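The values are calculated or read from the model by the stated rules, or taken from the named source; none is laboratory data. Source: prediction; values computed, not measured. Cβ coordinates were reconstructed from backbone atoms using ideal geometry, including for glycine residues, and neighbour counts include every protein chain displayed. Calculation scope for accessible area: heavy atoms of the full protein, side chains included, ligands and nucleic acids excluded. Shrake-Rupley method; radii C 1.70, N 1.55, O 1.52, S 1.80 Å.
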Amino acid sequence: MRKTHLPLIVLGSAILVVLLAGCTLSAAPDVTPTPSDQEQIDVGMAQMETQAALDATATAQAPTPTPTVEETAPPTEEPTPVETPVPTEAPTEAPTEAPTEAPTAEATTPPSTGGAPATGEQTH
């Protein structure tokens, strides 16, 4: 008994054709192709040649006149002088003295030395 694999071959070929057909879709209508560097150079050179031809055939024109500056009339009013008060040299009020505290003499105990009490107290 020999089985033919013809149905499997046909089915596999059909799947392969469908998958490959999806890879060959055309570009969308809103996609614009990007020009190559050489195309950009060619367009730029053509624009430069056109501009050079226009510059070579252009007629001389009169230079544009420089704008004139209108002179303004001098002011008719004199500026009003501002008087500043002269500072006085003497103080306007008598100086006040800040109260100071008198030093107080408090009894201080000398620092203890050797661990013995400074006063006559005995330790317990």
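Overview of results
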read-out: Among residues of region 52-95, those that are within 42 Å of the chain's Cα centre (by Cα) and open to solvent by less than 100 Å² (accessible area, probe 1.4 Å), counted; value: 1
read-out: Count of region 1-15 residues which are open to solvent by 100 Å² or more (accessible area, probe 1.4 Å) and not β-branched (Val, Ile, Thr); value: 7
read-out: Sole exception among (1) over 42 Å from the mean Cα position of the chain (by Cα); (2) modelled with pLDDT under 80; (3) assigned to a loop (DSSP other than H, G, I, E, B); (4) not hydroxyl-bearing (Ser, Thr, Tyr) for residue 23, by number; value: (3)
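Table: residues versus (1) outside any helix (DSSP H, G or I); (2) modelled with pLDDT of 75 or more; (3) touching a Pro at 6+ places or on another chain (Cβ under 7 Å).
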{"site": "39", "(1), (2), (3)": "no, yes, no"}
{"site": "64", "(1), (2), (3)": "yes, yes, no"}
{"site": "72", "(1), (2), (3)": "yes, yes, no"}
{"site": "76", "(1), (2), (3)": "yes, no, no"}
{"site": "79", "(1), (2), (3)": "yes, no, no"}
